[in-house]
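Structure, as structure tokens:
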Amino acid sequence: MVQLDFFPSRTLTLYLARLFVVRIFAVLVMLVLVLMMLDLLSTSGEILAAEGNGQGELWTYAGLRIPQLIQRFLPYSVLLATIITLVTLNQNSEVIAMKAAGLSAHQVLAPLLLTATIVAGISFAFNERVVTRSTATLKAWEANDFGPVPEHSGVKANVYLTDGNNVLSASSMTGSGSAITMNDVSWYERNDAGIIKHQIRAPRATYAAPGWKLENAVRFNVGNATTEQIETLTVGEGLTPAQIDLESIDPDAQSFWKLSDSIAAYEAVGRRTAELRAKWWHKLSGPLSSILMPLLGAVAAFGLARSGQLFLRAIIGMALGFAYFVIDNAALAMGNFGGYPPFLAAWAPFFLFMLVGETVLIRTEE
């Protein structure tokens, strides 16, 4: 059987990959369990405060929250598993044995890089099929103050719309087209200077063709600090259902392909798509960050364990990995505000730290 020069023997490749996978899984389970317990400690009071909620709703919350934690902390798990695996191999002189057999540093890392690539592919599929759906449901449930979980697949949370100088916001929205219903609605009337004149709150709003009908509304006059009860009121006549469908897009709750359609719809009407485009690119670069972790943590593999620098090397590898996540989040935030082009916001940290990892590896070993 022909072996690629980049990989060691089949036996050694499987051995290293198995060690790596076990440690990734163990670290991920540990992180998710600890963070889930901390999350429940801070959120369980709000969940149980809703009428009729009990232990079942706590399990429901955990089931919706765990996919988000897996998505966020899987790359961290790959980083920590890389350092643990390589430090263990170094302490047991297995790295020295592999080097003595003629393997280069890149060949030692090849099984880990291959495993991380497979993990990245699984992460992308998991995000597309599970995380987007759980995120949409959890946001809608939180917007409903942890009442009954909305069953409508089109539920959206924290809707924010503008009609000229005025603003319409809703904690949640169901339906589409003329069947849209918004809950916990606030309408802010502002003057030309952007100062709020009236704030109108209502439990729900429906499409009135044109405008949106508020029921049992309460109007607060900012000028004289008085309130007025209004049975029905129509606001936002410039807001159409089609505009609201566009305005209420949540990129975290949409899959890669669905978000592509949403971006195309925005561009068709001349809307700004920089934020959505940055999130679209990050749906690819985010999972692929797992591939960087063996490269950034590789500094822990090489150098004599008895030299006393093994712990320092592990700290350096950890620092490089966490620096990537900090810069990645900062670049994505800059992309959302238009400071960076979308492609650069999503991919610049990835390629930058790929070069950093290669440089550190070559300078310390090759």
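All of the numbers you see were taken from the coordinates with simple rules; none came from a lab. All values reported here derive from a predicted model rather than from experimental measurement. Methodologically, a virtual Cβ is constructed for each residue, glycine included, from the backbone with ideal geometry; neighbour enumeration extends over all protein chains shown.
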Here FRET efficiency (C-beta to C-beta, GLU231 to GLU46, R₀ 22 Å, nearest 0.05) is 0.10
Name the GluC sites (Glu not before Pro) in region 13-76 that are in a loop by DSSP and that have at most 14 other C-beta atoms within 10 Å, would you? GLU51
For the chain, what are the DSSP H helices with axial Cα length of 20 Å or more and mean Kyte-Doolittle hydropathy of at least 0.5? 10-49, 55-91, 105-126, 310-336, 342-364
When Cα extents along the principal axes in Å is calculated directly from the model, which label among [x] 83, 47, 43; [y] 53, 50, 47; [z] 81, 53, 41 fits? [x]
Positive minus negative residues near SER290 (Lys, Arg vs Asp, Glu; Cβ under 15 Å): +2
How much length, in nm to one decimal, is gained on full extension between SER255 and ALA330, taken as 0.36 nm per residue of separation minus their Cα-Cα distance? 24.7 nm
Relative contact order %, the chain, counting alpha carbon pairs below 8 Å whose residues are six or more apart: 16 percent
Put +1 on the Cβ of every Lys and Arg and -1 on every Asp and Glu Cβ in the chain; which of LEU312, GLN199, PHE73 then has its Cα farthest towards the positive end of the dipole? LEU312
Order 161-168, 11-18 from most to least packed using the mean count of other Cβ atoms within 10 Å. 161-168, 11-18
At a threshold of 8 angstrom on Cα-Cα distance, excluding pairs fewer than six apart, so keeping six or more, what relative contact order does region 1-96 reach in percent? 37 percent
Could you work out [θ]222 nm for the chain from helices alone, using -39500 (n - 2.57) per DSSP H run of at least four and dividing by all its residues? Round to the nearest 500 deg cm²/dmol. -20000 deg cm²/dmol
Between ARG72 and ALA125, what is 0.36 nm times their sequence separation minus the Cα-Cα distance? Round to one decimal in nm. 17.7 nm
